[in-house]
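Notes follow the structure.
The values are calculated or read from the model by the stated rules, or taken from the named source; none is laboratory data. What you see is a predicted model; the values in this text were computed from it and never measured. Every residue, glycine as well, gets a Cβ built from its backbone with ideal geometry; the counts of neighbours run over all protein chains shown.
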Amino acid sequence: MIQFQFGIFHHHLVLGLLSLQMPLCYIKKLISHDKITRRSRVTPEIEERRRKQQKFFDEHFNKDHISLELLEDFPSWLDNFGLKSLAPYFKDKKWQDIIEMNSEDLNNLGIRTQKIQNFLLINFWHVRDYIASQKGTKLQPSKQLEMLINRKEFYENNYDKTINYELLENFPMWLEGLGLKHLTRYFEGKRWEEIIEMDWQALDVLGIESRLIRGKLVSHFWKIKRDIAAKKGITLPGKGESRKRELTVEEKEIVAQREKLYKDNYINNINYKLLEGSIITYI
């Protein structure tokens, strides 16, 4: 129990750091220790529980057969996937109604962790699809589900071989298709035509510190710009501009303000009200 509570505290501390858009270099040391600790917690009991969960999945929840009767006791169904702690969120709800839920419904219930949401949404879809197949019908997944179920094919058809400009109009969903839904808040109020002009430095100033994520975004932005240019008969080079561009005066001021916020709240002083606020907000 102590380890679990520490994990919750650590999680919200990191969220507090991220809410200030602090450089990841300041956060990595805090995270790395917990990663090492979590690796060492894989005990024989945990391994056995995982084995049982996989066995249950293979026998009762595969593409050829889904044991619908097990859904009647929904808390037990969740427990078989190691998600018993979610049972209170679904209290007094019928499984037939639960499997119709979408991401917004889960958010409203209080289930906001993206990985857990994705797991539930995929499995809810499999149940609905199985029920439909028993009636001789075929369901068509929504765009969101298509991204989760057929991720590789969806990526090729919307980001790689062809560019889906309709998807770009819904930029949060475009980000979600790349597994970057958590970045949505950075681009609020901006049109995709403006966003794709951003380079490494602009994304850094925006608060996206991860070099890996910035590289991924810039690569896709450049791919979109090349596609647009090609439609106009213009050929652009294969790579975007250098990431070594000098920051503008305004950009330097934003970076300086962000670093000052970090030092004032996490280095020179510890802002306990901020920590309390992050826990209240995210629990």
Item to complete: Show the residue pairs that are 6+ apart or on different chains and have beta-carbon atoms under 7 Å apart, the first residue being within region 219-236 and surrounded by 15 or more Cβ atoms within 10 Å (Cβ to Cβ), the second being part of a helix (DSSP H, G or I).
Response: His220/Tyr159
Discussion item. Exactly one of these conditions fails for Asp92: (1) within 28 Å of Gly177 (Cα to Cα); (2) outside any helix (DSSP H, G or I); (3) not hydrophobic (A, V, I, L, M, F, W, C). Give me its number.
Written reply: (1)
Fill in: Condition check for Lys55: more than 20 Å from Lys181 (Cβ to Cβ), of a type in the set (Lys, Arg), surrounded by fewer than 16 Cβ atoms within 10 Å (Cβ to Cβ) and modelled with pLDDT of 90 or more
no
Practice prompt. Could you look through region 181-209, keep only residues that are under 15 Å from the mean Cα position of the chain (by Cα) and at pLDDT below 90, and pick out the one that is surrounded by the fewest Cβ atoms within 10 Å (Cβ to Cβ)?
Written response: His182
